[in-house]
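Report on the structure given below.
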Amino acid sequence: MPTPPTLAQPDAAGYYGAFGGSYIPETLHHAVLELSAAYEAAKADPAFAAQMDELNRDYIGRATPLQLAPRLTERAGGGQIWIKREDLAHTGAHKINNAIGQCLLTLRMGKKRIIAETGAGQHGVATATAAAKFNLECEVFMGTEDMRRQRPNVLRMQLMGAKVTGVESGSATLKDATNAAMRDWMATSETTHYTIGSVVGPHPFPLIVRDFQSVIGRETLAQCRDQLGRLPECVTACVGGGSNAAGMFYPFTQDPDAHDVKLVGVEPGGLGSEFGKHAASLTHGRPGVLHGSLSYVLQDDDGQTSPVHSVSAGLDYPGVGPEHAYWKDSGRVTYASVTDTEALEAFQLISKLEGILPALECSHALAHTLKVAAAMPQDQAVVMNLSGRGDKDLDEVVRVLGL
Amino acid sequence: MGRLGFSTLSPMKHRIDAIFSDLQARDAKALMPFFTAGDPDLTTTADLLRAADTAGAAVCEVGFAFSDPVADGPTIEASMQRALDGGVDVQGVFDMVRGVRDQVSLGLVAMVSYSIVHRWGLERFVSEAADAGFDGFIFPDLSLEASGPARAAADAAGLTLSLLVAPTTPIERAKKIAAACSGFVYVVARSGITGARAALPPELTDRLHALREVTDVPLAVGFGVSKPEHVRDVTTVADAAIVASALIDRMQGADQPLDTATLMLKELVGGLA
């Protein structure tokens with residue numbers, strides 16, 4: 001029986017147990033400190049909470065529904081499958097929860113420009129959206145390989161007035177986009193806020209992103225009590241950097257009635273477990289430092305970042321948020337992985353059985369959820385976070401499956 | 001800079017400290033070139049260290065190639081990628097330094113991302129580096145707050161640890177950073193990433209004077225220091241000028257990179273105040 005975390009996480013230095021911290025060039029220290037102060041002030045300001053509540057309801061369209069997936073449940077042949085519909089949030093993914101929150105912090109800090117990294121483009125779209133709404137200048141860094149894979153999102157960002165800057169270096173994917181955004185911020189932090197899209201990076205980013213995404217888990221707890229009349233036996237979410245999973249899981253780790261709810265993060269197993277063929281940092285990685293924090297990472301024996309692969313551009317990242325590392329080692333959350341092929345099968349299955357076209361990211365969670373449900377008796381329930389919609393993935397799915 | 005006869009040094013005396021006290025006694029300043037170890041290969045890097053020594057550099061930064069150098073601009077990133085593509089690894093850099101150590105009187109400082117140090121293990125990395133003949137460390141992504149164990153490990157091995165002071169660092173914090181440094185303080189000349197620049201920021205001289213007020217630890221200035229005039233400007237107040245991208249840029253465009261580097265190193269030494 002895993003022991004639930006009892007201490008407040010993170011500590012003052014940004015550590016979740018042994019993980020997290022702030023491994024950044026001194027040039028960024030001031031900006032990170034300023035962000036911490038702005039966030040603490042915002043948290044203490046009732047007007048900020050009221051503003052977030054209003055934007056969540058009226059702009060993002062929250063609460064997103066929790067609904068039974070009857071035909072998927074029948075197909076799995078075991079416990080009930082419920083899905084949390086983050087794909088129905090404005091812009092089609094959970095990323096908007098964080099982008100709106102960080103834009104409000106940007107305004108509170110008096111900064112006029114925001115930058116972001118993006119992989120699948122969902123965080124880039126969310127940031128461009130929030131920037132348009134709040135009249136902020138916006139530049140999104142995106143690997144050129146991802147720009148090819150997620151072209152509709154590139155066009156969306158540009159239509160909303162964002163500058164999309166292609167990144168050619170390294171593998172031309174999410175980690176390289178993150179490098180480029182950090183480099184920009186090194187020179188511009190006095191006027192620019194870096195809107196990190198996941199629960200990664202130096203403290204306080206993992207904390208801030210988790211808190212803005214925790215609206216998912218809070219709603220889910222309330223909806224389960226209302227619609228199921230109890231909490232589910234299991235909750236699942238996909239994990240790349242880990243923001244939708246952190247937002248779903250964190251309230252469950254804190255709710256005194258939720259200690260028995262099994263939490264499962266699902267990582268991208270790619271083409272297999274060999275080095276370079278996947279992006280499953282928690283499943284196959286080791287503790288290491290990447291992009292400002294200490295967490296599970298995919299590195300070689302010299303600390304060089306591994307090549308990674310996933311069919312999903314949004315999960316194609318060699319690290320993971322430090323709180324997930326803490327949850328893994330404490331046993332509170334378990335982490336599984338599914339392959340590209342399993343995720344693609346789940347993608348097609350839910351499209352046909354439920355009329356929901358999911359993002360490839362959460363298709364990973366679904367592939368594992370089907371296994372979990374199949375092993376459950378019929379009176380039990382599993383809730384899956386369907387973190388985004390899949391329109392952006394159509395071209396890539398058609399290409400990969402040869403449809 | 002003269003051969004300083006380090007064989008007579010007591011083991012407790014850092015080579016870096018000896019270099020700076022010798023320079024200060026002569027009212028002279030230091031050139032600190034940076035080379036990415038293994039770009040294009042380690043034999044060339046060893047040649048460059050010998051050339052820097054001959055040209056009169058006092059200390060060399062030996063850069064460990066890293067896959068994700070977020071503080072570096074296009075020149076050093078590309079240089080590190082060439083080194084990695086050429087197959088350089090950490091052990092190879094240690095072996096190269098071991099081979100060249102007795103041939104140069106330069107101080108040799110390892111510039112290395114903490115990602116690499118953490119993977120090796122701090123104690124193991126520091127002791128292997130010391131054994132290879134390094135004299136100090138710069139971990140550009142290690143914060144003041146997290147630097148305690150690294151300083152203790154460096155001290156125990158008889159090596160220096162230099163932290164960075166940025167333009168965004170308030171002077172009170174800069175004072176604490178300087179106090180946590182041994183050997184020298186790395187003063188970042190400009191916000192942003194590494195890379196050659198046409199001019200230094202106008203406020204740099206005032207910053208250096210302010211830093212001089214709060215610490216006696218030697219000040220070494222880098223990021224954008226690209227030509228002899230820049231070297232003169234920064235060493236008018238500071239103790240050392242660090243030149244990296246400009247050297248790499250010049251070598252990249254050259255038919256005879258080693259000769260080109262030697263010539264440029266002499267020009268840069270000529271700029272010392």
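Some values worked out for this structure:
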item: Residue check, residue A:93 under 30 Å from residue A:309 (Cβ atoms) and away from chain B (no Cβ under 14 Å); result: yes
item: Verdict on residue A:296 being over 24 Å from residue B:121 (Cβ atoms) and aromatic (Phe, Trp, Tyr); result: no
item: Which numbered condition residue A:335 fails, given (1) out of contact with any helix residue (DSSP H, G or I) (no Cβ under 7 Å at 6 or more places or on another chain); (2) surrounded by fewer than 24 Cβ atoms within 10 Å (Cβ to Cβ); (3) under 29 Å from residue A:207 (Cα atoms); (4) not polar (S, T, N, Q); result: (1)
item: Checking residue B:154 against (1) part of a helix (DSSP H, G or I); (2) open to solvent by 10 Å² or more (accessible area, probe 1.4 Å); (3) in contact with a Gly (Cβ under 9 Å, 6 or more places away or on another chain), the condition it does not meet; result: (2)
item: Any chance residue A:225 is open to solvent by 10 Å² or more (accessible area, probe 1.4 Å) and either within 19 Å of the chain's Cα centre (by Cα) or hydrophobic (A, V, I, L, M, F, W, C) (or both); result: no
item: From B:230, B:209, residue being at pLDDT 95 or above, in a helix (DSSP H, G or I) and touching a helix residue (DSSP H, G or I) at 6+ places or on another chain (Cβ under 9 Å); result: B:230
item: The range B:157-176, subset within 11 Å of another protein chain (Cβ to nearest Cβ) and open to solvent by 10 Å² or more (accessible area, probe 1.4 Å), residue farthest from residue A:187 (Cα to Cα); result: B:173
item: For residue A:307: the one exception among (1) open to solvent by less than 20 Å² (accessible area, probe 1.4 Å); (2) out of contact with any strand residue (DSSP E or B) (no Cβ under 6 Å at 6 or more places or on another chain); result: (1)
item: Residues that are open to solvent by 10 Å² or more (accessible area, probe 1.4 Å), among the acidic types (Asp, Glu) and within 14 Å of chain A (Cβ to nearest Cβ), drawn from the range B:48-81; result: B:72, B:77
item: Any hit, the range B:85-107, residues being away from chain A (no Cβ under 11 Å), open to solvent by 20 Å² or more (accessible area, probe 1.4 Å) and polar (S, T, N, Q); result: yes
item: Options A:236, A:191; residue that is surrounded by fewer than 21 Cβ atoms within 10 Å (Cβ to Cβ) and either among the β-branched types (Val, Ile, Thr) or under 16 Å from the mean Cα position of the chain (by Cα) (or both); result: A:191
item: Residue in the range B:22-38 that is most open to solvent (accessible area, probe 1.4 Å), counting only those that are farther than 14 Å from residue B:238 by Cα and over 17 Å from the mean Cα position of the chain (by Cα); result: B:26
item: Any chance residue A:161 is away from chain B (no Cβ under 14 Å) and either more than 20 Å from the chain's Cα centre (by Cα) or free of Cβ contacts under 8 Å to residues at least 40 places away in the same chain (or both); result: yes
item: Selected residue (criterion: least open to solvent (accessible area, probe 1.4 Å)) from residues of the range B:235-262 that are farther than 21 Å from residue B:203 by Cβ and of a type in the set (D, E, K, R); result: B:249
item: Pick from the range B:135-144, criterion within 11 Å of chain A (Cβ to nearest Cβ) and without any contact (Cβ under 8 Å) to a residue 60 or more places away in the chain, ranking: nearest to the chain's Cα centre (by Cα); result: B:139
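The values are calculated or read from the model by the stated rules, or taken from the named source; none is laboratory data. This is a predicted model, so every value here is computed, not measured. Neighbour counts run over all protein chains shown; Cβ positions are idealised from the backbone, glycine included. Side chains included, ligands, DNA and RNA excluded: accessible areas come from the protein's heavy atoms. Shrake-Rupley method; radii C 1.70, N 1.55, O 1.52, S 1.80 Å.
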